[in-house]
Amino acid sequence: MTDFQPGYHPGYTNTAGMPGHGGFPVPYVRASLGGRTVAYLLDLAFIFVFTAVLATAIAILGVLTFGFAWVLFPILGISGILYSAITVGGRKQSTLGMRMLGLRVVAPESGRPVDFLTAAVHALLFYVAVSTFLLWCLDVLFGLVRADRRLGHDLLLGLAVVRD
């Protein structure tokens, strides 16, 4: 489609054949910052449960292997990143908190799913920003001033959180 044809939107791929967007370009279905915040607060509870299950599994495996598996305990430090990578990089493209609010992570122009590695880096950048007050303020500022409500870590990786 060229720029003189009706319905042309520069920079946007026709998403009519892609599920979940109803044929609209992705910017029309952006998630709100409030929805993303509530989803994150819900995910904190899910990450706590995920970490507890992982710690229990490592402890039991450690007993069965006479302590050898206890070297896996440092994995608990990145359990939030693992949780996000598994869920966002999975088939449903969203964490459990995002699913409860009808949100998912996609490539903004095409609506394509996110792979496991990109989801892990997205989570890592988010947690680095959240752990540093100044970076967190800058990250949120991007979302407040941009019409599409994409945060700084979304922009760095070329991702968007959208409503289903």
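The values are calculated or read from the model by the stated rules, or taken from the named source; none is laboratory data. Because the structure is predicted, anything quoted here is derived from the model rather than measured. Virtual Cβ from ideal backbone geometry, glycine too; neighbours counted across all protein chains shown. For the accessible areas, the whole protein counts, side chains as well, though only heavy atoms, and no ligand, DNA or RNA atoms are used. Shrake-Rupley method; radii C 1.70, N 1.55, O 1.52, S 1.80 Å.
Here are the numbers for the structure shown:
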| item | result |
| --- | --- |
| Any hit, region 47-60, residues being among the aliphatic types (A, V, I, L, M), modelled with pLDDT of 95 or more and within 17 Å of the chain's Cα centre (by Cα) | yes |
| Among (1) part of a helix (DSSP H, G or I); (2) surrounded by 14 or more Cβ atoms within 10 Å (Cβ to Cβ) - the single one L41 does not satisfy | (2) |
| Unmet requirement for G20, which otherwise passes all of (1) under 27 Å from L144 (Cα atoms); (2) modelled with pLDDT of 95 or more; (3) of a type in the set (G, A, S) | (2) |
| Subset of region 90-115 [touching a residue at least 60 places away in the same chain (Cβ under 8 Å) and either under 27 Å from A59 (Cα atoms) or among the β-branched types (V, I, T) (or both)] | V106 |
| Some residue of region 84-105 being touching a Gly at 6+ places or on another chain (Cβ under 8 Å) and open to solvent by 40 Å² or more (accessible area, probe 1.4 Å) | yes |
| Hits in region 136-152 (condition: open to solvent by 90 Å² or more (accessible area, probe 1.4 Å) and of a type in the set (V, I, T)) | V145 |
| Residue ID - farthest from the chain's Cα centre (by Cα), chosen from residues in region 107-135 that are under 19 Å from I78 (Cα atoms) and either among the charged types (D, E, K, R) or open to solvent by 70 Å² or more (accessible area, probe 1.4 Å) (or both) | S131 |
| Filter result for the condition that a residue is in contact (Cβ under 8 Å) with a residue 40 or more places away in the chain, part of a helix (DSSP H, G or I) and hydroxyl-bearing (S, T, Y), over T87, T118 | T118 |
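This table checks each residue for (1) assigned to a helix (DSSP H, G or I); (2) within 20 Å of T37 (Cα to Cα); (3) touching a residue at least 12 places away in the same chain (Cβ under 8 Å); (4) not hydroxyl-bearing (S, T, Y).
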position: L61; (1), (2), (3), (4): yes, no, no, yes
position: H122; (1), (2), (3), (4): yes, yes, yes, yes
position: L125; (1), (2), (3), (4): yes, yes, yes, yes
position: V130; (1), (2), (3), (4): yes, yes, no, yes
